[in-house]
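One structure follows; several queries about it will come next.
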Amino acid sequence: MHLSTVIFDMDGLLIDSEPLWKEAAQEIFGEYGIVLSDEQYAITTGLRTKEFTEWWLSRHQVSVHEYDRVEAKILATVMDKVDKRGLVMPGVDHIFEFFSELKFKIGIASSSSLPLIHLVVEKLGIEKYLNTIASAGNLPYGKPHPQVYLDCAAALNTAPTQCICFEDSFNGMIAVKAARMRCVIVPGPEHYKEPRWAAADLKLSSLQNFNQLHLNLLDN
């Protein structure tokens, strides 16, 4: 079956929100004396806020009674930062126009909450392209579990093997491959040369670089 559907991750791929997530985490975690290095933060990139929060709070012996409060504060802080300072990633207009012209079904599958997804969709002006949105926020498992991608494909009435997905994180890439979908990875420049991206079907430095030749190579 030929590719007919494209699914996009959101944070770090469509909007430059990863630095804002990191800022928010540093601010809120700092109240508990927790400081994460860049290497430590990268370990949990792509996880849901709940999992990210529990991962680091548990490792610093913070009471479980604080987990929900910290998660809520990080989410609220990120929403505010994205609204005020979130910047579109290079190539977003190009990639949505590209697949729209090909009559592909288009979806978003994100670890973020629905309120944040809707905020970003409105901010980027891409609602007109989208056929569905899937959030892992309330699922039993988030990325690297494939469920959010499978749910997105099901909502689009598309078989997983007909989907091409764009991701920027390792956990997201694993989720896509576990869903049996084609994966195009667009890592941040500081991580671009890491060998772990070999599991992806294609690696690009920008969404702007994707073209018909790439699609033809993936669609076989």
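The values are calculated or read from the model by the stated rules, or taken from the named source; none is laboratory data. Since we're looking at a predicted model, the values are computed, not measured. Here Cβ is always computed from backbone atoms with ideal geometry, including for glycine, and neighbour counts include all displayed protein chains. Ligands, DNA and RNA are excluded from the accessible area calculation, which covers all protein heavy atoms including side chains. Shrake-Rupley method; radii C 1.70, N 1.55, O 1.52, S 1.80 Å.
For the stretch 134-140, take each phi angle, set θ = phi - 60°, evaluate the Karplus expression 6.51 cos²θ - 1.76 cosθ + 1.60, and give the result in whole Hz per residue in order, putting x for glycine and proline.
10, 10, 8, x, 10, 7, x
Compute a Gaussian network model of the chain, connecting alpha carbons closer than 10 Å, and tell me which residue from V148, V186, V88 fluctuates the most.
Per the Cα network of the chain with a 10 Å cutoff, V88 tops the list.
I would also like to ask the following. How much of the DSSP beta bridge set in the chain is antiparallel, as a percent to the nearest 5? Please list the in-between numbers first.
Values: 1 of 20 bridges.
Among the beta bridges of the chain, antiparallel pairing accounts for roughly 5 percent.
Rounded to the nearest whole Å³, what is the per residue volume of the convex hull around the Cα atoms of the stretch 1-69? Intermediate values should be presented prior to the final figure.
Details: hull volume 8.6 nm³, N = 69.
Value for the stretch 1-69: 125 Å³ per residue.
A follow-up question, please. Looking at the square roots a ≥ b ≥ c of the eigenvalues of the Cα gyration tensor of the stretch 77-220, which shape do they give, rounded for a/c under 1.5, prolate if a/b is larger than b/c, or oblate? Write down the numbers at each step before the final one.
On the way: a/c = 1.21, a/b = 1.16, b/c = 1.04.
Rounded, because the longest to shortest axis ratio a/c is under 1.5.
Please work out whether the stretch 146-220 counts as rounded, prolate or oblate from its C-alpha gyration tensor, where a ≥ b ≥ c are the square roots of the eigenvalues and a/c under 1.5 means rounded, while otherwise a/b larger than b/c means prolate and anything else oblate?
Numbers: a/c = 2.10, a/b = 1.37, b/c = 1.53.
Oblate shape, in that a/c is at least 1.5 and b/c is the bigger or equal ratio.
Taking H placed 1.01 Å from N in the peptide plane, check which residues at least 5 places from I15 or on another chain put their amide H under 5 Å from its amide H.
Here the answer is M89, since their amide H atoms fall under 5 Å of that of I15.
Oh, and also: So which of K84/K203; K22/K84; K22/K123; K177/K203; K123/K177; K105/K177 end up more than 23 Å apart by C-alpha? Walk me through the numbers on the way to the answer.
Values: K84/K203 30 Å; K22/K84 16 Å; K22/K123 20 Å; K177/K203 14 Å; K123/K177 29 Å; K105/K177 19 Å.
Pairs exceeding 23 Å: K84/K203; K123/K177.
If I compute solvent accessible area with a 1.4 Å probe over the protein chains, what percent of it on the stretch 9-65 is carbon and sulfur? It would help to have the intermediate numbers written out before the result.
Working: 1420 of 2640 Å².
Ligands and nucleic acids excluded, carbon and sulfur reach 54 percent.
Treating only the Cβ atoms of Lys and Arg (+1) and Asp and Glu (-1) as charged, compute the dipole magnitude of the chain about its Cα centre; round to the nearest 20 debye.
Value, rounded to 20: 480 debye.
Further question: As I understand it, the dipole of the chain uses +1 on the Cβ of Lys and Arg and -1 on the Cβ of Asp and Glu, about the Cα centre. Which of V186, Q40, L3 lies farthest toward its positive end?
Positive-most Cα among the choices belongs to L3.
Further question: Could you go through the stretch 22-32 in sequence order and give the Karplus-derived ³J(HN,Hα) for each residue, using 6.51 cos²θ - 1.76 cosθ + 1.60 with θ = phi - 60°, rounded to whole Hz, and x for Gly and Pro?
Computed from phi, the couplings for the stretch 22-32 are 5, 4, 4, 4, 4, 5, 6, 4, x, 5, 10 Hz.
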